[in-house]
Every structure is written in C-alpha cells, then in structure tokens.
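These notes concern the structure reproduced below.
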Amino acid sequence: MPETIFAPWDSPEETPLIRFQNVTKRFGDFVAIDDLTLDIFEREFFALLGPSGCGKTTMMRMLAGFEDPTEGTITVAGQDMAQVPANKRAVNMMFQSYALFPHLSVWDNIAFGLRRETKDKAAISARVDEMLRLTRLEKFARRKPHQISGGQRQRVALARSLAKAPKLLLLDEPLGALDKKLRQETQFELMDIQEKTGTTFVIVTHDQEEAMTVASRVAVMDEGRVMQVATPEDIYEAPNSVYVADFIGDVNIISGTAAPDGDSRFAITWAADQPPILAKSDIGFNTGQSCHLAIRPEKVAIHAEQPEGKKNAVRGKVLDIAYLGNLSTYHVELPNGTIIKAQTANTRRIARRDFTWEDEVWLSWTTSAGVLLAQ
C-alpha cells in the first residue's frame, strides 16, 4: 500500500488542535500580534519563523498561558484557553536556556515534574526510564548537568518536557546554544522523537534552515502578522511575496512591469536596452502592472558563450565568487548594474574554475524557473 502523506491541513474533515482566531496582543501602544488567525493540527511539527521582534515568541507565550490576548480567542482541543491558567494546560514549554536544576542528576531533572504530580514511585521510575531511552541518555542518568555536553543537556530538557506526556510541546529557540554541526544532528533527533511520541511540536526559530529541516509546515512572520503558512517545499518554491522569497534561502529579485504574452506567460520589461524576460504565472497581470520575478540561484545557468535557443539569456561580468565546497555561487553584474547570483554544483574536483573574476559570461533560465509576484 502507498504510504499516506501527512497533510491534515488539506482535509476539511480534520479539526485543528490549536486555533488562533483574530488574535491581537498589545503592549501599551505597541502591537506585537496583529489580528492573527492560524490553525495547527495534531501531530504537526509546526515552525514559527521570522526575524527578532516579529511576534513569534509572544504567540508561544500566549499558547503557554504566560500572556493573555488583548483581543480574539485561542483554543486548544476545542477548549478556550482564556480561563485556563498556565499550570492547568496540557502544554509544556522548553526554553532556550534549558533551565535544568544544577544540583539534581539527569534522572532527577526528568522526574521533577512527575514528582510534583504525586505519582507513585514505580510509575515515575518507568516513565523516566522510558524518556532516557527515547533521548538516548541511559548512560548519563546519574550525572549532573555540568558533567554532560550542551547537546546532552538539550536532550535532558526535552526528556523532562515530554515526561508528563503533554498534548503540545513548545520549543523556544531550543538549539540556539549548540554549534552548527550539533544543531544539524539534533534537528533530526528532534524530528525522530516527535514522530515516536506523536506529540504536537511548535518551534520558534529565526533560523530558516532549521525551520525548513524539521517542520511539517512553516509560518513566516513579520511585524506581528503571518505572511505565509505552507510546507517547506511550497514556502521555498512558491513564495507568495517578495518578503517571503527573500527571507527563505538565497534569491534573485528582478523588478519590472508585466505584459501578457500568450497563455499564462508574461513579458517583463526590466531594463532599458535589454530584451524582456519571459515568465510563466498562474496569477494574472495587467499590461504595465509592476511585478517582481523571484529566481533561486540554483535555477540560473552560467555559460561562457551566448546559449542558443534560450528564451531568457542575459550578458554580464563575474563580480564575485563564493566557494562553499559543494557549491559555487557566482555574482554576475548585468549592464544596468543589477547583480544576479548563479549557483553551480562542484560535482568533480577541479584544478581551476570554469569562470573567474571579471569574466564575461551569459546567464540563462527557463520561463518556469522563477515565481512572478505582485508584491
């Protein structure tokens, strides 16, 4: 049998676990969250992504019960959270600092919340052992937090958060203190643990790579508003605005004016003395309407000679080269001063580059390579 794709947001029969309905949060005159409506489904690994000050942590604090909305409602499993205090919610929050008790062992840190619930010793012991196995910490059970690594401390905090089997786990920049390689390893561990437990995870991060790696869906935020909610693939390949395209990954933005040119195709006038660029789009544009073409660097080909039969080919000069090991990114300046990035995979070892600084080159891309945006 083919494996069913996890996409409850596409099913009208599915009821969201979490609903933000017209939620606004003000601190004095400052609007931190602006009329936000959002659904998050059970078993999702949902990422709130945006720059500092965009409102993502405020959203999380309202979910946890540390802040109340100024307007609107937040429901979890159909229950309005307005009257439910933080300690009565089936929600747990894991902080960036981990907030472990330094005088307690790893085992006792994980057991702490369970003991406060006055569970019997055997049940506590079984649950802690289960959490140690889940987070691969059995060997470190008797150590204190200062005797283990940062990545292991992060897993202790995760085990403690999951020990009480919350419906929902909130993770506030949980990997911020880890180095890049450990972060990447831990991202996959988080995904594995989330899948095994079936707990709904909501992660706050400003790291786009992290959000794209772990999340089933990503909400890109700016100034208290959600700009787009979609799967990582759709956010990357089909951004709905220049802001989202620019925030996620590397992108070239070419601005100009559109004119219809056949079926779902548009000619973009973008520079004097340059032929129009052709682009396909399902969104209609009127003649003379301003538009922005977003093209990812890996979709731009670089050539030594003018390519034959290409709809979109522009000439320029190599201004800069970023060598990233597996990839090289060429910054090419066009005659009107626009800089376009083209990326090539370094699939073989080479003694010298195909192109170097100051080289005259041609760039080309297909009519469907970019996304044509109105805003």
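Numbers at a glance
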item	result
Radius of gyration and Dmax over the Cα atoms of the range 8-243, both given in Å	17.9, 56
Exposed GluC sites (Glu not before Pro) absent - longest run of the chain, DSSP non-H/G/I/E/B, at most 13 other C-beta within 10 Å	118-304
Longest site-free stretch - the chain; sites: trypsin sites (Lys or Arg not before Pro), DSSP loop, at most 10 other Cβ within 10 Å	143-347
Fraction of antiparallel bridges per DSSP, the chain only, in percent to nearest 5	75
Qualifying aspartates and glutamates (Cα of each under 14 Å from Cα of LYS167; at least 8 residues distant if same chain)	GLU42, GLU44, GLU195
Exposure proxy order (Cβ contacts within 10 Å, fewest to most) of ASP354, ASP120	ASP120, ASP354
Cα centroid separation, the range 92-137 to the range 243-291 (Å)	55
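Read-outs throughout are calculated quantities, based only on the coordinates presented, and are distinct from any laboratory measurement. Everything numeric here is computed off the predicted structure, so don't read it as measured data. Here the Cβ is made from the backbone with ideal geometry for all residues, glycine too, and neighbour counts use every protein chain on show.
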